[in-house]
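A.B. asks: Please see the structure below; I have some questions.
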Amino acid sequence: MKNIKFLILGALFGFILYKTEVISWFRIQEMFLFESFHMYGVIISAIVTAAIIVFIIKKMNIKAINGNKVALTPKSFTKGNIIGGMLFGMGWTLTGACPGPLYALIGSGYWVVILALLSAILGTFVYGLLKEKLPH
Amino acid sequence: MNIVEYISQPWSWYVGGPLIGLTVGLLLIVGNKQMGVSSSFRHICAAIIPRKIKFFNYDWESQSWNLWFVLGIVLGGMIGSTLFLSTSPIEITEGTKEHLRELGVTNFTGYIPSQIFSFENLLTPKGFMFQIIGGFCVGFGTRYAGGCTSGHTIMGLSNFQLPSLIASISFFIGGLLMTYIVLPLFF
């Protein structure tokens, strides 16, 4: 069961998202209305913590548990980073959730969020259909 | 106060944020994987859709860790909302409430506004906009952008990736456009 560790890490992530109220639609509205520091604080401190860990991994050449070099692949720029990014931002305001919180909301009993999740999967499917025709 | 009560209180940003960063690190070291949630939508499509479409014709099973991870997120939400349910309501600022009243939201309990998000509202203009168009933009936009808040904003930025910075700024601009320009046009 090599995948159990991913289930456990996912559960940890979902639990943190739930307890920190990151999955709250209201918190996301508050962020875009510049009414509260909460979401900015979460995002910035998450980046800083992760950046320190990534730095240590690189600097000290820390290996993953499986003995391999930790895979840190660079991301390449496409116009999609901007166009797709803005589209996602619009959806983020509407659903009040990015992909992680969609899953966490369903888990915490907000069954209706299944609608938004199915629609997100459909959105990815339509992107796959149109990919060759879109500017990248 | 026992430990369960202690954990059950809503967490401050300075508790949750660093823990999210730590999870990114654990995933790198324990699983040797870069965090990213939106890829799961692609894997789900690849798993259920016939192999004719190029974008979905790949060995998704080799990426199945990602599906286990998102299943875990569902489980995490479940554990949080049952064993560690918080009794205190989410404190939203008065300014936010005022703005949301204009959108017809007057009930501020729970994590999502029941006046917009419901199966009955699926075909009302507002319900369709927030649930269906919103979800569609999340799925289409994240894949087009090559990642979401976890993959770009947290994982990508912590690894100093310029495309992730461009994407994250775009996420934010899109969110502001929706909040201040698009939504006021409709509702």
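The values are calculated or read from the model by the stated rules, or taken from the named source; none is laboratory data. These numbers come from a predicted model, not from an experiment. Glycine also receives a Cβ, built like all others from the backbone with ideal geometry; neighbour counts cover every protein chain displayed. What goes into the accessible areas is simple: the full protein's heavy atoms, side chains included, and nothing from ligands, DNA or RNA. Shrake-Rupley method; radii C 1.70, N 1.55, O 1.52, S 1.80 Å.
A.B. asks: Does the stretch B:55-69 hold any residues that are under 13 Å from residue B:37 (Cβ atoms) and out of contact with any Ser or Thr (no Cβ under 9 Å at 6 or more places or on another chain), and which are they?
C.D. replies: Scanning the stretch B:55-69 gives B:65, B:68.
A.B. asks: Is at least one residue of the stretch B:120-143 in a loop (DSSP other than H, G, I, E, B) and within 7 Å of another protein chain (Cβ to nearest Cβ)?
C.D. replies: No, that holds for no residue.
A.B. asks: Considering each residue of the stretch B:116-168, count those that are under 22 Å from residue B:184 (Cα atoms) and open to solvent by 10 Å² or more (accessible area, probe 1.4 Å), and give that number.
C.D. replies: Residues that pass the stated criteria total 14.
A.B. asks: Among the listed residues B:37, B:70, identify the single one that is under 30 Å from residue A:133 (Cβ atoms), open to solvent by less than 40 Å² (accessible area, probe 1.4 Å) and in a loop (DSSP other than H, G, I, E, B).
C.D. replies: B:37
A.B. asks: Being of a type in the set (Gly, Ala, Ser) and within 7 Å of chain B (Cβ to nearest Cβ): is that true of residue A:67 here?
C.D. replies: No.
A.B. asks: Return the pair list, or none, for Cβ contacts closer than 8 Å from residues in the stretch B:169-187 that are over 15 Å from residue A:84 (Cβ atoms) to residues that are of a type in the set (D, E, K, R), at least 6 apart or on different chains.
C.D. replies: B:187/B:102; B:187/B:126
A.B. asks: Now, a different point. Tell me, yes or no, whether the stretch A:49-60 has at least one residue that is open to solvent by 70 Å² or more (accessible area, probe 1.4 Å) and part of a loop (DSSP other than H, G, I, E, B).
C.D. replies: Looking for residues that are open to solvent by 70 Å² or more (accessible area, probe 1.4 Å) and part of a loop (DSSP other than H, G, I, E, B), one finds at least one in the stretch A:49-60, hence yes.
A.B. asks: Please specify each residue of the stretch A:17-48 satisfying the condition of being surrounded by fewer than 24 Cβ atoms within 10 Å (Cβ to Cβ), over 17 Å from residue B:175 (Cβ atoms) and of a type in the set (S, T, N, Q).
C.D. replies: Residue satisfying the conditions is A:45 alone.
A.B. asks: While we're looking at this one, here's another question. Can you name every residue in the stretch B:73-94 that is more than 7 Å from every other protein chain (Cβ to nearest Cβ), under 18 Å from residue B:112 (Cβ atoms) and either assigned to a loop (DSSP other than H, G, I, E, B) or under 17 Å from the mean Cα position of the chain (by Cα) (or both)?
C.D. replies: B:85, B:86, B:88, B:89, B:91
A.B. asks: Would you pick out the residues in the stretch A:29-43 that are at the interface with another protein chain (Cβ under 7 Å from one of its Cβ atoms) and in a helix (DSSP H, G or I)?
C.D. replies: Of everything in the stretch A:29-43, those that are at the interface with another protein chain (Cβ under 7 Å from one of its Cβ atoms) and in a helix (DSSP H, G or I) turn out to be A:29, A:30, A:32, A:38, A:41, A:42, A:43.
A.B. asks: Among the residues of the stretch B:1-30, what is the count of those that are small (Gly, Ala, Ser) and open to solvent by 10 Å² or more (accessible area, probe 1.4 Å)?
C.D. replies: 2
A.B. asks: Criterion first (touching a Gly at 6+ places or on another chain (Cβ under 9 Å), at the interface with chain B (Cβ under 7 Å from one of its Cβ atoms) and over 21 Å from residue B:137 (Cβ atoms)) does residue A:107 satisfy it?
C.D. replies: yes
A.B. asks: If we scan the stretch A:88-100, do we find a residue that is open to solvent by 30 Å² or more (accessible area, probe 1.4 Å) and more than 7 Å from every other protein chain (Cβ to nearest Cβ)?
C.D. replies: No: zero hits.
A.B. asks: Among the residues of the stretch B:47-67 satisfying the criterion of being under 22 Å from the mean Cα position of the chain (by Cα), surrounded by fewer than 21 Cβ atoms within 10 Å (Cβ to Cβ) and facing chain A (nearest Cβ under 9 Å), which is farthest from residue A:21 (Cα to Cα)?
C.D. replies: Taking the candidates together, the pick is B:64.
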